[in-house]
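Colleague: Please read through the structure below; I'll follow up with questions.
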Amino acid sequence: MKLKEMKVMTEKISRKKGTTKKTRSTNINEIDKNTNNKNANSKNTNNKIANSKNANSKNTINKKAITLTQDQYRKAKHIQNSKPIIFIGMGTCGLASGAQATFDTFRSEALKYKLDIEIIPVGCVGSCFLEPIVDIKLPGKARVAYKQITSDKVVEIIQRTLQKEEIIREWVLGKYPVEPSSSDEDFSDIPLISDFEFFKNQKKFVLSRCGVVNPRSFEEYIAYEDGFKALAEVLEEANPQKVIDDIKTSGLRGRGGGGFPTGQKWQFCRDAQSPDGQKYVICNADEGDPGAFMDRAVLESDPFSVIEGMIIMGYAIGASKGIIYCRAEYPIAIKQLTNAISICSERGLLGKNILNSGFNFEIEIKKGAGAFVCGEETALIESIEGKRGMPRIKPPYPATYGLYGNPTNINNVETIAQIAKILNYGPAKFAEWGINKSRGTKVFSLTGKIKHAGLVEVPMGITIREIVKIGGGIPNGKKFKAAQIGGPSGGCIPAHLINTPIDYEELKEVGAMMGSGGLVIMDESTCMVDTARFFMKFIQEESCGKCIPCREGTRRLLEILTKLTQKPKNDYEVVDRMKSMISLKELAYVIKDTALCGLGNSAPNPVLTTLNYFRDEYEAHLYENRCPAKACIGLLSFRIDAEKCVGCGLCKLNCPNDAILGEKKQAHYIVEEKCVKCGLCKSNCKFNAVILE
Amino acid sequence: MATTTTNLISPKPVKIWINDILIEAEDNQTILQVARNYGIHIPTLCYLEDVTPTGSCRICVVEIEGAPKPVPSCCTFVKDGMKIYTNTPRIQTIRKVIVELLVANHDMDCLYCERNGNCELQDLAGIYNIRGHRFLGSKRQNPLDQTSMALVRDPNKCILCLRCVKVCDEVQSVHAIDVTKRGFESIVTSTFGKTIHESSCVLCGQCVRVCPTGALKERDVSTEVMEAIDDPNTVVTVQIAPSISVTIGEEFGIPVGTDVSGKLVTALKRMGFNAVFDTVFGADLTVLEEANELVKRIKNGETLPLISTCSPGWIKFMEHEFPDLIPHMSTCKSPMSMQGAIIKSFWAEKKQINPKRVYQVAIMPCMAKKFEAERSELVNDGLPNTDAVLTTRELIRMIKKFGLDLKMLPDSKYDDPLGESTGAGKIFGTSGGVMEAALRTAYWLVNKKNLENLEISQVRGLEGIKKAKIQITPEMTLNCVAASGLKNARIICDEIRAGNPNNYHFIEIMACPGGCINGGGQPRGMDLEVIKKRAQALYDLDKHYSVRLSHENTAVQRLYANFLKELGSHEAHHLLHTHYYPRSERRTK
């Protein structure tokens, strides 16, 4: 749903002022501690045993822990705030753009200017190209987002916006809608952030809280979009099968890549017999695709949604233990998750007898050591068990024989994060979005040759063309060439198929796959042979080494592609290149057919799709030793244009291999056999006389 | 097994078609098992019976009608109505490409390789008609690990089938090796990339027996032995372990389980060994000393249970993992070292040969014996009990090199006096044999009369753990257990650590599953039927021996009368007993 459509609590809010505390809450931990119902749940633990519940009888649960008082609600929603609130996007993307300096400057300058402000670090709103994003909510006014607020702009904001209440127009990204029931003053002349070009055609569902709420605040999670309402209802209804049926109705499919129907997966696990009664649910947060950061954004910006989804998932399946397998390269995500888990444990949402329902559930975080293959579910299980992350043979599937031999359900972050939202929104209504068998929305991390890189959430069925449009098109007036979708083992979709809709089956049809949401846009300066080589390099490095086709085969694919991007040195190499090119397709298909796990099965996709759609480029490399995109340096030669060369000798001076000949004031010449293609001559020439062709 | 869920349900009969031939099978069988039972050969490089399938080689893939992709037959269970094709053009291409990929990253020095002619990869390269290299490129280059006395690892010949890893982990529970590094750089190695010598490897050699290529092999000492034979100043004596005579024939076209002792003696004499002895003599000595130790410990109320120490792999395992059990270990040397000690003292004295001139070779079914021979405790008067250990496989190669056809050779007798043997010593070659022999003698030691039925059937057979209750006197019943395979040894050791709840008195442990007949130095392969036949052959021999009790071995009796004086005497302790010490991973010698 769009930001402006964000569901609003209907209860009336009294307009009393001055309920907020006066202490400066710049310490992010303090925000969470300002609640008084910390001990509320301790009285409720009268240890009901998880008895088998009748489908018709409703369970009485204690909702006190997840019910906000009016004051808490107003504070969580920052209604009628007494002092200015600064929200700083401090997800990984924000920090990379300098958000930490912005944060520090705000703190120190506020002291200098003797301003009483509250600074709240939030996550990523999706428009990573505009980070650091800083939202300002002046007391009793609408929340306004500023873009690209590096630390040097802070003083100006303090002087103009905070002191004079002036909105700096040129930095404005948009405003957030004001709470209808509140008396906060709106800025009628500032457009809504959801109307911003980048967000306009998106459908924020999974990411709706991201970048808006404080990821460390339990109250804000509840206040925005009914956090924990779905869990309470599920526990109240005490009918796990109905939850699974609801998920089946929604048509939700795994967002991690495979696209297996989530409800069905849960059903298998629920129906499976466990030898000792123990079942597990695992959240796969080992997002390893290069250029993919959807899960990271969710974990950093909205960790409670993952926790709630996992509790519901555990309840539906009958598991009392959940594990979040998060890669150690996501320290902020792990920090936010740890915080969320400890808050939920304190409030009685994790642990024994959750909300007095008799249901027990615990969550543990396991850190992955960075192997790409550990995103594969069975390798992930092996890794949790403390073994080397190598995929197991399937069947048996994890639903019957998973972690420690017990039935286990694994879903990825994006899938789990939307469980509660689907139940709140209505599974049938959710199923209305999308096309064919692909329902709901999908988050993509849009990168590559695109104007606006960032997180994009779109309804299923939207075409790649439309996503490129959301991203603002290709920069520098270049033409769209291909979209690489589905991570390193996805496929490249060429320009003539740009109208392919985002749909599990349709993408498979064209040789790509949905994957977890990596979307790399390429323009005409990208060489497709080189692209295939790049992804193959990644895959072969990340192969676990267990099965022969993947371990040995991907290395050979890489070697063949590398040969293609380099000029053959002698006749032997010419023949060798020809010969290996003949074997390329056969080898790729053998790997696809026989590799043990998903990583290996899809490993040849980049080669096969580029070979299929860009055969002419392969042929140009092979027969003419030419790279049409002029990207493969190994096939290009540096040449000096005798017309332009003045004979200054700078290139000769800088050449590390004495490959340049020529007398002073005479045109110089590059001896190709000696040239190591470092490009120093070109960068040093002041007359643009060195040409790469 | 990883497929527990499938095994919980009782098997149902199913009808399947393999290559359009109707076959009846049960649904707890894999496609590979069914196919093999019906003589349909599906190649594989990683599959091993009784070990969790890894499904890593992908050569055994077959096509199933309706399935989108080929499936590995080693870990796919048959289903009713399944139509399987094992040799379609697609499958043939796949197998060929996989073998080509393996060959491309291989040393390809077949002519120098020990496995030349019996290499599984070489066979497949031949079958799939690989006549050139399509995928030649970079190769994994890792150093040869020659640090161990017994085992040589050549990672450049390794195809990462993981058989060794699985056997080490699941059969032996040693887990000395595993895969490390990623992708193309993956390598099987020991903890933190240490060498085999520094690792906790017990050198049992079970991995060597399953390795499809020349990546794992024994340290070949045949050259050193030949040099000793050729040296006119050296007297080369050789002893043959009990199990060798029933296994070596297999490689010379003699039916499995045939005893070729006589021919073997002839072969060794023709090769130039000066004297050929039977380790069974040493075994008889072990029986006497160990039975005496057992009876003494029971009578004096000393540390029980007593654990046998004939298997060097087991001793190293114990020193690494269960050093606290050292007081339980029998102090008896193994038969090999006892025999060696006697040869270099009693025999040399008798033959008036300077013991320093004696070069004592032992032919063993075992790789860990090479390590045992190097142990500094097994030295008497400055001379090692054993100078060189040859495994069965090395001896086979030597016999072939000498152009001897074992089948055609006449029988000869072992040299006196250390050639006389008994049935009790002969069954040392199989799991439970040491115990059976020792109990026969222990009974005699206590009662001064022999057991009525010499065959103790409870400790016979190929089960990993065999328990028996043996009544020695009306008041004394011994609880005995014989375990083979280190995984089973670990179970028993854990029990003793936990306070010996089953109240064992006497324990026999063999490192290799089934005992020496399945030892790490034996011909390669893991066919259970073959192992059963070898064990049966030893028991049959025992039955036909005129003397079936170690204490009735007249040569042994004479040895005690003239040289060692009595059981457990000072001389016997000097020559026939040893000690052990805890072994951290760092300290291996």
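The values are calculated or read from the model by the stated rules, or taken from the named source; none is laboratory data. These numbers come from a predicted model, not from an experiment. Methodologically, a virtual Cβ is constructed for each residue, glycine included, from the backbone with ideal geometry; neighbour enumeration extends over all protein chains shown.
Colleague: Could you please let me know if B:Gly423 is over 29 Å from B:Thr147 (Cβ atoms) and under 20 Å from the mean Cα position of the chain (by Cα)?
Modeller: no
Colleague: I've got another one for you. Scan segment B:169-183 residue by residue and report those that are within 14 Å of chain A (Cβ to nearest Cβ) and buried (at least 22 other Cβ atoms within 10 Å of the Cβ).
Modeller: B:Ile177
Colleague: Within segment A:527-542, can you find the residues that are more than 7 Å from chain B (Cβ to nearest Cβ) and either within 24 Å of the chain's Cα centre (by Cα) or in a helix (DSSP H, G or I) (or both)?
Modeller: A:Met528, A:Val529, A:Asp530, A:Thr531, A:Ala532, A:Arg533, A:Phe534, A:Phe535, A:Met536, A:Lys537, A:Phe538, A:Ile539
Colleague: Anything in segment B:84-101 that is of a type outside the set (Lys, Arg), at the interface with another protein chain (Cβ under 9 Å from one of its Cβ atoms) and either surrounded by fewer than 23 Cβ atoms within 10 Å (Cβ to Cβ) or under 25 Å from B:Arg219 (Cβ atoms) (or both)? List them, or say none.
Modeller: B:Thr93
Colleague: Among residues belonging to segment B:470-517 that are over 20 Å from B:Leu454 (Cα atoms) and in contact with a Gly (Cβ under 6 Å, 6 or more places away or on another chain), point out the one that is surrounded by the fewest Cβ atoms within 10 Å (Cβ to Cβ).
Modeller: So the residue we want is B:Asn488.
Colleague: So in segment B:102-117, with the set limited to residues that are touching a Cys at 6+ places or on another chain (Cβ under 9 Å) and part of a helix (DSSP H, G or I), which one is farthest from the other protein chains (Cβ to nearest Cβ)?
Modeller: Only one residue tops the list, namely B:Cys110.
Colleague: Mind telling me which of the residues B:Lys467, B:Lys533, B:Lys543 ends up being in contact (Cβ under 8 Å) with a residue 12 or more places away in the chain, assigned to a helix (DSSP H, G or I) and surrounded by fewer than 17 Cβ atoms within 10 Å (Cβ to Cβ)?
Modeller: Every option except B:Lys543 fails the conditions.
Colleague: Still on this structure, I have one more. Quick one: in segment B:123-133, which of the residues that are free of Cβ contacts under 8 Å to residues at least 60 places away in the same chain and buried (at least 19 other Cβ atoms within 10 Å of the Cβ) is farthest from B:Asp178 (Cα to Cα)?
Modeller: Once the filter is applied, the top-ranked residue is B:Tyr128.
Colleague: Follow-up question, since we're still on this one. How many residues does segment A:177-206 contain that are outside any loop (DSSP other than H, G, I, E, B) and over 23 Å from A:Ser301 (Cβ atoms)?
Modeller: Residues that pass the stated criteria total 1.
Colleague: Name the one entry in A:Gly553, A:Gly545 that is under 18 Å from A:Asp593 (Cβ atoms) and facing chain B (nearest Cβ under 10 Å).
Modeller: Going through A:Gly553, A:Gly545 in turn, just one is under 18 Å from A:Asp593 (Cβ atoms) and facing chain B (nearest Cβ under 10 Å): A:Gly553.
Colleague: More than 10 Å from chain B (Cβ to nearest Cβ) and within 30 Å of the chain's Cα centre (by Cα): is that true of A:Met578 in this structure?
Modeller: no
Colleague: For A:Met522, all conditions in the list (1) more than 14 Å from every other protein chain (Cβ to nearest Cβ); (2) over 16 Å from A:Ala620 (Cβ atoms); (3) touching a residue at least 60 places away in the same chain (Cβ under 8 Å); (4) assigned to a helix (DSSP H, G or I) hold save one; what is the number of the exception?
Modeller: (4)
Colleague: Which one of A:Arg270, A:Arg296 is part of a helix (DSSP H, G or I), surrounded by fewer than 23 Cβ atoms within 10 Å (Cβ to Cβ) and basic (Lys, Arg)?
Modeller: Exactly one residue qualifies, and that residue is A:Arg270.
Colleague: Next question, about the same structure. Which of the following residues is in a helix (DSSP H, G or I), out of contact with any Ser or Thr (no Cβ under 6 Å at 6 or more places or on another chain), in contact (Cβ under 8 Å) with a residue 24 or more places away in the chain and within 10 Å of chain B (Cβ to nearest Cβ): A:Leu611, A:Leu596, A:Leu561, A:Leu587?
Modeller: It is A:Leu587.
Colleague: Oh, and also: Within segment B:269-291, can you find the residues that are crowded, with 24+ Cβ neighbours inside 10 Å and aliphatic (A, V, I, L, M)?
Modeller: The answer is B:Val276, B:Val280, B:Ala283, B:Leu285, B:Val287, B:Leu288, B:Ala291.
Colleague: Take A:Arg327 and tell me if it is under 25 Å from A:Ile422 (Cβ atoms), within 22 Å of the chain's Cα centre (by Cα) and among the basic types (Lys, Arg).
Modeller: For A:Arg327, the condition - under 25 Å from A:Ile422 (Cβ atoms), within 22 Å of the chain's Cα centre (by Cα) and among the basic types (Lys, Arg) - is not met.
Colleague: If only one of A:Gly389, A:Gly375, A:Gly368 is in contact with a strand residue (DSSP E or B) (Cβ under 6 Å, 6 or more places away or on another chain), of a type outside the set (S, T, N, Q), crowded, with 22+ Cβ neighbours inside 10 Å and assigned by TED's automatic domain parsing to the domain that holds A:Tyr315, which one is it?
Modeller: A:Gly368
Colleague: Under the condition of being charged (D, E, K, R) and closer than 14 Å to A:Gly94 by Cα, which residue from segment A:129-162 is surrounded by the fewest Cβ atoms within 10 Å (Cβ to Cβ)?
Modeller: A:Lys147
Colleague: Here's a check for you: in segment B:53-83, which residue that is in contact (Cβ under 8 Å) with a residue 60 or more places away in the chain and within 12 Å of chain A (Cβ to nearest Cβ) is surrounded by the most Cβ atoms within 10 Å (Cβ to Cβ)?
Modeller: B:Cys57
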